1. Do we have residue 117 as part of a helix (DSSP H, G or I) and open to solvent by less than 30 Å² (accessible area, probe 1.4 Å) here?
2. If a residue has to be loosely packed, with under 15 Cβ neighbours inside 10 Å and either part of a loop (DSSP other than H, G, I, E, B) or modelled with pLDDT of 80 or more (or both) to count, how many in segment 43-53 make the cut?
3. Using beta carbons and a limit of 8 Å, which pairs, at least six apart or on different chains, have the first residue in segment 125-151 and over 11 Å from residue 170 (Cα atoms) and without any contact (Cβ under 8 Å) to a residue 40 or more places away in the chain and the second one assigned to a helix (DSSP H, G or I) and of a type in the set (D, E, K, R)?
4. Provide a single number: the residues in segment 57-87 that are modelled with pLDDT under 80, in a helix (DSSP H, G or I) and not hydrophobic (A, V, I, L, M, F, W, C).
5. I need a count of the residues in segment 72-87 that are open to solvent by less than 10 Å² (accessible area, probe 1.4 Å) and either acidic (Asp, Glu) or within 10 Å of residue 158 (Cβ to Cβ) (or both).
6. Looking only at residues in segment 88-114 that are among the small types (Gly, Ala, Ser) and farther than 14 Å from residue 156 by Cα, which one is surrounded by the most Cβ atoms within 10 Å (Cβ to Cβ)?
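The values are calculated or read from the model by the stated rules, or taken from the named source; none is laboratory data. Computed from a predicted structure; not experimentally measured. With ideal geometry, Cβ positions are generated from the backbone for all residues, glycine too; neighbour counts draw on all protein chains shown. The protein model used for the area step is the full one, side chains on, heavy atoms only, and it has no ligands, DNA or RNA in it. Shrake-Rupley method; radii C 1.70, N 1.55, O 1.52, S 1.80 Å.
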Amino acid sequence: METDGLFSLASPGDRVAPTGAEASGFGAPAADAPLPVRMRPVGLDELIGQEHLLAPGAPLRQLVTGSSPMSVILWGPPGTGKTTIAHLVANATDRKFVAMSALTAGVKDVRAVIDTARRERRYGGPPTVLFIDEVHRFSKTQQDSLLAAVEDRTVTLLAATTENPYFSVISPLLSRCVLLTLQALEEDDVRGLIRRAVTDGRGLGGAVTLTAEAEDHLVRLASGDVRKALTALEAAAGSAQAQGAREIDLATAERAVDVAAVRYDRDGDAHYDVTSAFIKSMRGSDPDAALHWLARMLVAGEDPRFIARRIVIFASEDVGMADPQALLVATAAAQAVQLIGMPEAQLNLAQAVVHMATAPKSNTVTTAIGEAITDVRKGRGGAVPAHLRDAHYSGSKGLGHGRGYRYPHDDQRGVVRQQYAPDDLVGTDYYRPTDHGAERAVGERVPRLRRIVRGLGPAPRATATTVATTATTASADGADHAVGGERAVDASQSVAGSSGEQAVDAAQSAAGSGGEQVVDASRSAAGSSGDQAVDAAQSLAGSAPDATADGPETVADGVSSTATSAANAGTTDDSGDTAGEEQP
């Protein structure tokens, strides 16, 4: 059987009691072995990290000392010490140790080890520990072949996996083993091992020194994987020695691993500065800059869950009702980070960032809840009005709860005149929608809803002077809007509410607001004004070239639809004070 380069598999037919690491299934590391192999701990005292598994009486300590012959599955990310623990088990006890890799071994090899272990046990030989690296690579049939031997302790299984064993290991085998979860090493742990490798005779033996900047770079690059850190250190040391230098500086470390150092400290100013730049780039609608700051955080090893949380917050804080779908995109990206993990989840994060940066922006939700909370903290807001109180329990009617409540669904529009706020907050407006993105439609609807709910009657009709002033302002400001002609749309809403000579005058004053497209839109916006509407539309032609250059079709469609909505609004608001029957 071919074996993994890190292992030296003892022959299953060899019945000689182990006398050392080589006989136990692992060969002693050669002088030219990779630095991570040479620096493997020779005892528990040298093991870095995993303190939660090394307490007195803990399963891992029992496994290494041989005080309990339990089978164990080690689960953790690369470079956290799974193979190192196997070496400690091989060297610390008088048990026979056999190692194999699931990448190269098959059912035949497993059964050969089990048969040999059974014969040796029958003849009074030492118990056998079978180490299987990457056990998740075994098929279901291969894992099944271990069940009987593990159950009757013909072998003590020590298996290692980087995949979730609840998905990659069959349940019967998992139930026969103790599952130990290894955590990614902390930065201080990685730093300590790097320093040991620089000075230890098994490592670099003091042949080179390491600057603080280069050390920080290697620690960040490792992301908790000590094997990765030591491999990078060995490459940097080789590069320095090739240049005749005795010091590994930042430039040498960068060249050796071909990864530029990222100036980023997850606990310092750089963390907050980069995060601030990231959020402000999305708020400023610059997807390219936002992607740069995202990449800066990812390369520096920032927790992707932190990034996802910031995007979810941003979706409501800075996009809000201008694009309600933004929150769905952000939460979906956050869930993807949890389900998929890095590095693939960087695609989900990047998609969410681009969506946030290119979405229309509105902070009205943030402002509204802030003002509402301020009022509550100031003591504003009295008792719940009696007609809104809970009336489902017996005796509530005797207290007057629910009396006079109007059921909105009884009205064909689904909204009725009714007081919902406490007495001292009646008429208070917290939410003030903008005309950005999807919030434009909300902004048209909210005033109508407030007039009905508060019984304020229909909106006042706009005069020709008011319309003309609005249209003139729209012409001057239209080019500054994200969508061309938004101000012209506002002016046309008032035009729709006018008729006859007022429509003509308003349209003439609105010149400069929308080009040929506004002419077509104004024909429908004026509605029943006849020839006067045509004349008014003609006077609008050729206006606001800057705005229409960006989006003339948008201007035309917007004028037509919003003007029609505004015209319809005036016919329904006046019935708000009589709609809906009181509920008993």
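1. Yes; evaluated as a whole, the condition is true for this residue.
2. So the answer is 1.
3. 128/120; 128/121; 145/111; 149/118
4. 4
5. Adding up the residues that qualify gives 5.
6. 105
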